[in-house]
1. Using only Cα positions of the range 1-105, each an equal point scatterer, no hydration layer, compute I(q)/I(0) via Debye at q = 0.18, 0.21 Å⁻¹ and quote the log10 values to two decimals.
2. Sum up the lysine pairs in the range 1-133 that clear both bars: alpha-carbon distance under 14 Å and a spacing of 8 or more or different chains.
3. Starting from the amide H of Cys280, placed 1.01 Å from N in the peptide plane, find each other amide H under 5 Å away whose residue is 5 or more places distant or on another chain.
4. Once you compute Rg and the Kirkwood Rh from C-alpha atoms, what is the Rg to Rh ratio for the range 151-253?
5. What translational diffusion coefficient, in µm²/s and rounded to a whole number, does the Stokes-Einstein relation yield for the chain at 25 °C and a viscosity of 0.890 mPa s, taking the hydrodynamic radius as the Kirkwood radius over Cα pairs?
6. Find out how many positive minus negative residues lie around Pro112, taking Lys and Arg as positive, Asp and Glu as negative, among other residues whose Cβ is under 13 Å from that of Pro112.
7. Quick one: check the C-alpha center-to-center distance for the range 142-217 versus the range 1-38, whole angstrom.
8. Would you mind listing how long the range 171-229 runs along its three principal axes, going by Cα atoms, in whole Å with the largest first?
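Read-outs: derived from the displayed coordinates by stated rules, not from any lab. Predicted model only: the values in this text are computed from it and were never measured. Every residue, glycine as well, gets a Cβ built from its backbone with ideal geometry; the counts of neighbours run over all protein chains shown.
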Amino acid sequence: MEELLSVENLTKTYRVKRGLFKTEEVRALRGVSFTLFSGEVLALVGESGSGKSTVGKIVLRLEKPTGGRVLFMGRDAFKWDRAYTRLVSVVFQDPRSSLNPRMTVYEIVKEPLVVHRVKNADERVREVIRRVGLSEELLYEKPPRLSGGQAQRVAVARAVVLEPKLVVADEPTASLDLSVQAEVINLFKELNEKGIAFLFITHDVRVVEKVAHRVAVLYAGLLMELGPKEKVLKRPLHPYTRLLLESVPARHPRLRRPVEGLEEEEFTVPEQGCPFLPRCKEALPECSRTVRRVEVDDRAVFCNLY
Ligand SMILES: Nc1ncnc2c1ncn2[C@@H]1O[C@H](COP(=O)(O)OP(=O)(O)O)[C@@H](O)[C@H]1O
Ligand SMILES: [Mg+2]
């Protein structure tokens, strides 16, 4: 397998103003490394605030890392020219805010072709619209007239019209109804079968089950576990991965109940030792001092239990 994207020891510290004189540092990423292969779907999972979108934004060059680097096809992402935006594109969570409400579907999907001066734009817009399962009749509608599912298909069409090698999808189904979610997930699968790789950011483990080849579990800006989907979902090794999987919501919202210890309180992240320690039920005495990264059962696990 060919390496497409390589994220190396990425760190990101945001400086946030608190009042007039104080600034506070938020350490969003504390050293994240992973590789994404050509044609692969790598799911990046973790609770809200774990740093998923920050990884996505850096890969998309929308944010600069504080430390570490991103290599795309062997070259530093930040040293690429504009060809980068042709090869790496994005689908955001909410098409209602990511699509310009005043532009027609036709204009929205055509825009990247115009920016990159691609020939036969008209033909390619029509082709991609069919490919994402929309009717050409929608080409002259504007986003406010579309359903959530249709609008997200338009966002996907815009993302793939230049035939990118990698799409960063940040919670692309989270704003959709369950029935529509399944359709859009199938669309992502079809596009992946045609060779597009995905960095698929989600906090929904059911989505991972459907689309991913491998899963990377992020907690407090660090990867806790990374491995093949089947292994990580069926036999999670890291105590945090287990907690995350237990919290899979019931299909019906009324049956959902919060899992103890998840997204209810804010936990402080220790500066030393394991970041997950304050929530871990299996902690060992050494966890307050150090934490090991080990390769076990086809996976990288950041935990002293192995
Ligand atoms: N632009 C920003 N300015 C300050 N803090 C930020 C900014 N973006 C993200 N953060 C903080 O960084 C952490 C990680 O955020 P994010 O990457 O959005 O996580 P996720 O996508 O997993 O929910 C959070 O604590 C968040 O509040
Ligand atoms: Mg996010």
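1. -1.00, -1.20
2. Lysine pairs meeting both conditions in the range 1-133 amount to 5.
3. Here nothing satisfies the definition.
4. 0.97
5. So the translational diffusion coefficient is about 120 µm²/s.
6. Every neighbour counted, the sum reads +3.
7. Computed from Cα coordinates, the inter-centre distance equals 23 Å.
8. 31, 26, 15
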